[in-house]
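The values are calculated or read from the model by the stated rules, or taken from the named source; none is laboratory data. Remember, it's a predicted structure, so these values are computed and weren't measured experimentally. Backbone-built Cβ (ideal geometry, glycine too); neighbour counts: all protein chains shown.
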Amino acid sequence: MKSSASKTALPLAVRRALVKLGGDISAARRRRGIPAQLMAERAFTTRTTLYKIERGDAKVSMASYATVLFVLGMTQRLAELADPAADPLGRDLAEEQLPKRIRPSQPREGS
């Protein structure tokens, strides 16, 4: 079987995160007692795609992952993934760019 360039190009940390996400999705489905076939139907996908999602397949669209999370009632958590409030590094970088002083603006002529 030919390996996809996108799969081999993924950083190891990304591959591990997808595998963890897939495993967590699988566990959440089983905790809720939802059979795989029913879950696939509710997510408007096939059982094969659900199987790939639960294994963290990078070739499955983000929309499919998001729909499965919706069925599990976890959409809000997805929406908060890149929330600025949960980005301390981004806040620190933005704070470093703040000016040290703010000078009063000069009055414009004719004002």
**Item:** Filter result (among the polar types (S, T, N, Q) and more than 15 Å from the chain's Cα centre (by Cα)) within the stretch 40-72
**Value:** Thr45, Thr46, Thr48, Thr49
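What number of residues within the stretch 52-81 are closer than 13 Å to Ala28 by Cβ and surrounded by 17 or more Cβ atoms within 10 Å (Cβ to Cβ)?
Let us first name the residues in the stretch 52-81 that are closer than 13 Å to Ala28 by Cβ, namely 53-54, 65, 68-75, 77-78.
In the following step, the residues that additionally are surrounded by 17 or more Cβ atoms within 10 Å (Cβ to Cβ) were identified as 53-54, 65, 68-69, 71-72.
Residues in the stretch 52-81 being closer than 13 Å to Ala28 by Cβ and surrounded by 17 or more Cβ atoms within 10 Å (Cβ to Cβ): 7 in total.
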**Fill in**
Counting only residues in the stretch 20-51 that are among the polar types (S, T, N, Q) and in contact with a helix residue (DSSP H, G or I) (Cβ under 7 Å, 6 or more places away or on another chain), the one farthest from Ala63 (Cα to Cα) is identified as Gln37
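Where in the chain are there helices (runs of 4 or more DSSP H), lying fully within it, with 2 or more residues that are modelled with pLDDT under 95 and not aromatic (Phe, Trp, Tyr)? Even if it seems obvious, please write down each step before you answer.
On the way: elements: 5-8, 12-31, 36-42, 47-54, 62-71, 75-79, 88-96.
The helices (runs of 4 or more DSSP H) meeting that bar are 5-8, 75-79, 88-96.
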